[in-house]
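Okay, structure first, notes after.
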Amino acid sequence: MLNQQWLSTFITLVELGHFTQTAEKLFMTQPGVSQHIKKLEHQVGTALINRIGKRFELTEAGMTVYEYARDLQRQQQELLTRLNVDEPFAGECKIGCSGSMAALLYPFLINEQQTYPELVMLLEAGPNKRTIDGILSNQLDLGIVTQQVVQAELVSIDIGKQSLCLVLPKSVAGKPIDANINFELLSQLGMIDHPDATFYWQQISSAFFNSDASKNMRKSGYVNQLNQILLPVAKGLGFTVLPEFAVRCFAQFEDIQIAYIDNDKPVILFEPLYLVHKQHRKLANRYQRIIQLIESLVKAD
């Protein structure tokens with residue numbers, strides 16, 4: 001790497017065109033300026049200036065090095081400027097959450113980017129563990145999870161709740177299904193699995209059914225795309241568990257139903273939501289609006 005001090009002296013010399021003036025501006029001696037130029041020429045392996053009495057002319061190599069040095073100087077200045085400016089409406093927003101939360105949040109994030117084009121929304125949908133791992137590895141800055149994180153490197157803030165519900169088909173093979181269910185009926189149907197299904201089902205089964213029996217629930221399918229999870233349920237191929245806001249948005253809602261137990265008790269369970277970020281890594285200003293947006297959406301649902 002070329003010596004930065006020698007390059008800086010060379011830039012000043014070229015722009016002032018005089019060794020004495022360069023020495024005065026840089027608080028150096030004239031021999032000191034000459035030494036910097038000679039050392040830089042030795043480092044690049046060729047002459048950079050042709051000395052003509054008290055004047056000089058740049059060689060072809062000198063012009064190339066000068067242009068390079070000026071570009072490098074500009075890049076460094078731009079970097080320092082960016083480091084010292086924390087714009088509230090510019091930069092990458094790297095966020096992780098579940099697929100169902102992503103479906104709720106993403107349209108609003110896109111609206112933010114449309115309003116402020118210098119924002120770049122990067123949303124990673126996945127289970128809790130992937131979100132937490134992403135934050136720990138600095139691939140994500142902010143996450144939304146359903147379990148309080150107890151790790152020294154992370155901060156988790158309770159922002160509200162989401163409702164999980166057990167979803168049934170309206171009919172199987174043309175035969176209507178009663179929304180008032182029991183564990184035997186669920187076992188016959190089988191569960192349509194998805195990345196968060198096991199975690200969601202464990203919570204529902206612990207609250208409403210025999211949790212030991214639920215561990216062996218038969219799987220009747222798997223899909224990892226949120227907008228596809230309820231399709232096999234609507235076709236009568238199984239049940240699943242999803243946040244209620246994802247269920248209410250399903251285009252074929254008339255073909256599914258939220259399960260009930262004991263005739264009038266819906267199988268719905270409220271689970272907490274937590275914002276997670278690194279303890280000792282301050283979030284950029286642009287995340288403040290994002291956090292406000294997330295909190296408002298959670299409260300609305």
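The values are calculated or read from the model by the stated rules, or taken from the named source; none is laboratory data. None of these values were measured; they are calculated from a predicted model. A quick note on method: Cβ atoms are made from the backbone with ideal geometry, for glycine too, and the neighbour counts reach across all protein chains shown.
Structure values in brief
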item: Residue in segment 86-111 that is surrounded by the most Cβ atoms within 10 Å (Cβ to Cβ), counting only those that are among the aliphatic types (A, V, I, L, M) and within 13 Å of the chain's Cα centre (by Cα); result: Ile95
item: Filter result for Ile204 (closer than 29 Å to Ala300 by Cα and crowded, with 16+ Cβ neighbours inside 10 Å); result: yes
item: Which numbered condition Leu231 misses (of (1) more than 16 Å from Ile258 (Cα to Cα); (2) more than 26 Å from the chain's Cα centre (by Cα); (3) crowded, with 16+ Cβ neighbours inside 10 Å); result: (1)
item: Per-region count, segment 164-197, residues in a strand (DSSP E or B), touching a residue at least 60 places away in the same chain (Cβ under 8 Å) and buried (at least 17 other Cβ atoms within 10 Å of the Cβ); result: 6
item: Scan of segment 49-90 for residues that are closer than 30 Å to Ile291 by Cβ, of a type outside the set (Gly, Ala, Ser) and touching a strand residue (DSSP E or B) at 6+ places or on another chain (Cβ under 8 Å), ordered by number; result: Phe89
item: Residue count, segment 40-69 (criterion: loosely packed, with under 13 Cβ neighbours inside 10 Å, within 15 Å of Trp6 (Cβ to Cβ) and within 40 Å of the chain's Cα centre (by Cα)); result: 0
item: Single condition Ala251 does not satisfy, out of (1) exposed (fewer than 14 other Cβ atoms within 10 Å of the Cβ); (2) modelled with pLDDT under 90; (3) in contact with a helix residue (DSSP H, G or I) (Cβ under 8 Å, 6 or more places away or on another chain); result: (3)
item: Residue within segment 8-31 that is under 23 Å from Gln77 (Cβ atoms), among the acidic types (Asp, Glu) and in a helix (DSSP H, G or I) present; result: yes
item: Helices (runs of 4 or more DSSP H) wholly inside segment 206-301 containing at least 2 residues that are within 26 Å of Ala173 (Cα to Cα); result: 226-234, 244-248
item: Subset of segment 11-20 (residues that are modelled with pLDDT of 90 or more and either touching a Pro at 6+ places or on another chain (Cβ under 7 Å) or of a type in the set (S, T, N, Q) (or both)); result: Thr12
item: Search result, residues across segment 70-112 that are outside any helix (DSSP H, G or I) and closer than 30 Å to Trp6 by Cα; result: Val85
item: Flag for Gln114 being free of Cβ contacts under 8 Å to residues at least 12 places away in the same chain and loosely packed, with under 13 Cβ neighbours inside 10 Å; result: yes
item: Which listed residue is more than 30 Å from Val150 (Cβ to Cβ), without any contact (Cβ under 8 Å) to a residue 40 or more places away in the chain and either assigned by TED's automatic domain parsing to the domain that holds Leu293 or out of contact with any Asp or Glu (no Cβ under 7 Å at 6 or more places or on another chain) (or both), from Leu123, Leu83, Leu72; result: Leu83
item: Complete set of residues in segment 178-215 that are in contact with a helix residue (DSSP H, G or I) (Cβ under 8 Å, 6 or more places away or on another chain) and of a type in the set (Val, Ile, Thr); result: Ile192
item: Hey, Val149 in a loop (DSSP other than H, G, I, E, B), in contact (Cβ under 8 Å) with a residue 40 or more places away in the chain, among the β-branched types (Val, Ile, Thr) and surrounded by fewer than 22 Cβ atoms within 10 Å (Cβ to Cβ) or not; result: yes
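Table: residues versus (1) under 18 Å from Pro243 (Cα atoms); (2) at pLDDT 95 or above; (3) surrounded by 14 or more Cβ atoms within 10 Å (Cβ to Cβ).
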| position | (1), (2), (3) |
| --- | --- |
| Pro127 | yes, no, yes |
| Arg130 | no, no, yes |
| Glu153 | no, no, no |
| Lys161 | yes, no, yes |
